[in-house]
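Have a look at the structure below before the remarks.
Derivation of every value follows stated rules applied to the coordinates shown; laboratory data play no part. This is a predicted model, so every value here is computed, not measured. Ideal geometry is used to build each Cβ from the backbone, glycine not excepted, and the neighbour counts take in all protein chains shown.
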Amino acid sequence: MDKKRVVITSMGTVSPIGNTVEENWQSILDLKSGIEPIDAFDLTDFRVSLAAQVKNLVFEDYLDKRELKFNDRFTQFARIAAMQAMNDVNFEDKTRVGVILGSGIGGIQSISNAQDNLSNRGPSRVSPFFIPMSLVNLAAGQVAIDHKLQGACMSVVTACAAATNSIGEAFHKIQNNHLDACLAGGAEASITPLAVAGFMQMKALSQATDKDQASIPFDVNRSGFVMGEGAGVLILESLDHAQRRGAKILAEIVGYGTTCDAYHITAPTEDGSGAALAMRLALQDANLEANQIDYINAHGTSTPLNDKTETKGILSVFDHDDLLVTSTKSFTGHLLGASGAIEAILSVLALQNDLVPATLNTREQDPECNLNISMNQNTPKKLRYVMSNSLGFGGHNASIILKKWEQTHGL
């Protein structure tokens, strides 16, 4: 049986740069970063002061008080992004529609709250909702319940590659006719004292106090990533299913590759070979040559090691001078397990608008990151194929390839 073509028909997101897809793109156009001083908790004794928080989101527009009380913040984000994506979407056979949503950490605030109650008030004061609030899979499960979707429902937990892996796995399930459609993406809400302290103690986070010099991918002065939060959900469908229901097609997904470095729990391979193999597998899956990729939305975390090794991986696969590479984490910070979903959405918008987002605030490019980087300005460029990379602790690597929707080629 021939593999089905898979298209993206709807998207929803809440992120540090906007609470709708349109707001996110406007922030890109305005070169507006979402990085600000942390106001979610007391920073006394913390060496980190900046994060990229979701701001001005009216949760009550989507969820009632009980749902807000008994859903962790990451699940709230996932449900809201899914509600946006599902607006005006009606699937007839919901047994053929799935949900695959990733997260790196899940309900860490709920875990912290439960531990505080256990320590200070005893076991009888731990909420009976603690377990479903903290489990990673409950975001996907709750989204499925919200929309009565009865197909495959699961979560991918591959650290910062989770959302891209989720999109890729959904792509293959539809491509191989296991599903007609799938809500795919990721959610994260880890701007909490425990999570920030943990990453701070690993020396993974930027300790910059100037928000314009905190998340600076590929810059010689980069010193760590900035924590972000939010969610992104994309609806993937087989082309024939989308056309039968008259859906508007936003882009096509044509390739997916995923690998493991099998090297170190937090550090990537020094030569970037694991990431490079994921990129090659995505190209092979899409039946494309490397010189057909017009733009890469890199993982680009602004950590000293990631940006250097990802550069090596990219340069071992691609050698055409007109390939542009940027990191939208310069706008959003690093949303951990949700980052790949936000970046996939921004990649779709880049395709639609023939515009490569800037790498914001990067001023002095590291000679070891000798990529063709669009710094501090959005770059108009005719785009047909875009790759989005995500790399995670544990050596997880994931790459997807998106293609501009061309009606003349859609028959």
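A few notes on this one:
- Taking N as the residue count of region 1-48, its C-alpha radius of gyration divided by 2.2 N^0.38 Å amounts to 1.89.
- Counting only Cβ charges, +1 for Lys and Arg and -1 for Asp and Glu, the dipole size of region 311-401 around its Cα centre is about 240 debye.
- GluC sites (Glu not before Pro) within region 22-106, DSSP loop, no more than 13 other Cβ atoms inside 10 Å: Glu92
- Net charge dipole size for the chain [Lys, Arg +1 and Asp, Glu -1 on Cβ; Debye, nearest 20]: 840 debye
- According to the Cα-based calculation, Rg over Rh for region 219-283 is 1.13, with Rh computed by the Kirkwood formula.
- Considering helices alone, the calculated mean residue ellipticity of the chain at 222 nm is -9500 deg cm²/dmol, with DSSP H runs of length four and up weighted by -39500 (n - 2.57) and normalised per residue.
- Projecting the Cα positions of Asn120, Ala82, Val14 onto the charge dipole of region 1-134 (unit charges on Cβ atoms of Lys, Arg, Asp and Glu, taken about the Cα centre) puts Asn120 furthest along the positive direction.
- All aspartates and glutamates inside 15 Å of Lys211 as judged from Cα atoms, apart from same-chain residues fewer than 8 positions distant: Glu36, Asp39, Asp219
- Projecting the alpha carbon convex hull of region 7-244 along each direction and taking the average yields 14.5 nm².
- Among Asp210, Asp64, Asp39, residue whose mean-square fluctuation peaks in a GNM of the chain (springs only between Cα atoms under 10 Å): Asp64
- Assigned charges on the beta-carbon of Lys, Arg, Asp, Glu; region 7-244 dipole about Cα centre (debye): 640 debye
- The alpha-carbon positions of region 256-372 define a convex hull whose volume is 110 Å³ per residue.
- Listed residue pairs exceeding 24 Å between alpha carbons, taken from Lys3/Lys381; Lys32/Lys381; Lys3/Lys403; Lys55/Lys148; Lys32/Lys55: Lys3/Lys381; Lys55/Lys148
- Oblate is the label for region 1-145, because a/c, from the alpha-carbon gyration tensor with a ≥ b ≥ c as root eigenvalues, is 1.5 or above and a/b does not exceed b/c.
- With q set to 0.10, 0.11 Å⁻¹, the log10 of I(q)/I(0) for the chain, from the Debye formula over equal scatterers at the Cα positions, is -0.60, -0.73.
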